[in-house]
Amino acid sequence: MTWRMAVSALVFMALAGTALAQGDAIAERRAGLKRMGAHMDAIKPVADARGDVKALEPRVDDMIAWFRTLPQRFPPGSDRGDTKAQPAVWSDRAGFEAANARMLGQLEVLKTAAAAGDSAGFVTAFQATGPQFCGSCHRTFRAR
Ligand code: HEC
């Protein structure tokens, strides 16, 4: 093959590799977000029952660890494919990261209440978490 063919083959392989990597990023972030949803679903009945909030701390820890990685799970180019992420994730990166920072702040409030066994404090914070912190990011950055 000529060097031109070799170069275009390499470029093609590089592009295909990038598309694959971005497909992985989308699938992985969606799986992670489903896990975050499952944590919220599991926490709700305990909060509703004013149950043992201390036992919820490992779930909150997993959420904190995961949301710390959220921005990097939306690399450039991962706006295309099987995703509901809005273009604003990339065009308003500062806003996206600020929404995530607020999420992490709220998770710290939940963690403090869980660690202290403060079920009243936990319940108040938990009730605000879905609508105000998950929901406010979704309203701007996730397509319906
Ligand atoms: C900083 C923004 C942001 C925050 C905060 C956020 N999300 Fe999301 N979420 C997104 C975006 C963007 C998508 C779309 C991802 C995609 O389709 O690639 C999404 C999608 C989802 C999905 C759908 C996953 C799927 O594809 O099936 C679930 C479930 C979800 N989020 C749960 C949550 C929960 C629960 C919280 C709060 C604890 C939360 N999210 C907080 C931005 C956010």
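Some values worked out for this structure:
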{"quantity": "Anchor LYS111: aspartates and glutamates whose Cα lies under 18 Å away (excluding residues fewer than 8 positions away in-chain)", "calculated": "ASP41, ASP48, ASP52, GLU57, ASP61, ASP62"}
{"quantity": "Cα gyration tensor shape for region 25-141, rounded if a/c is under 1.5, else prolate or oblate", "calculated": "prolate"}
{"quantity": "All aspartates and glutamates inside 19 Å of LYS84 as judged from Cα atoms, apart from same-chain residues fewer than 8 positions distant", "calculated": "ASP24, GLU28, ASP92, GLU97"}
{"quantity": "Residue (of GLY105, TRP66, ALA120) at the positive-pole extreme of region 25-141, dipole from beta-carbon charges", "calculated": "TRP66"}
{"quantity": "By average C-beta atoms within 10 angstrom, highest first, the peptides 40-50, 108-118", "calculated": "108-118, 40-50"}
{"quantity": "Nearest-20 debye value, the chain charge dipole, Cβ charges on Lys, Arg, Asp, Glu", "calculated": "400 debye"}
{"quantity": "Within the accessible area of the chain (1.4 Å probe), percent carbon and sulfur", "calculated": "61 percent"}
{"quantity": "The chain - mean residue ellipticity at 222 nm from DSSP helices (-39,500 (n - 2.57) per run, n ≥ 4, rounded to 500)", "calculated": "-23500 deg cm²/dmol"}
{"quantity": "Solvent-accessible heavy-atom area per residue, rounded to whole Å², over the chain at 1.4 Å", "calculated": "58 Å²"}
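The values are calculated or read from the model by the stated rules, or taken from the named source; none is laboratory data. None of these values were measured; they are calculated from a predicted model. Every residue, glycine among them, receives a Cβ derived from its backbone with ideal geometry; neighbour counts consider all protein chains shown. Note: accessible area is taken over every heavy atom of the protein model, side chains too, but ligands, DNA and RNA are not part of it. Shrake-Rupley method; radii C 1.70, N 1.55, O 1.52, S 1.80 Å.
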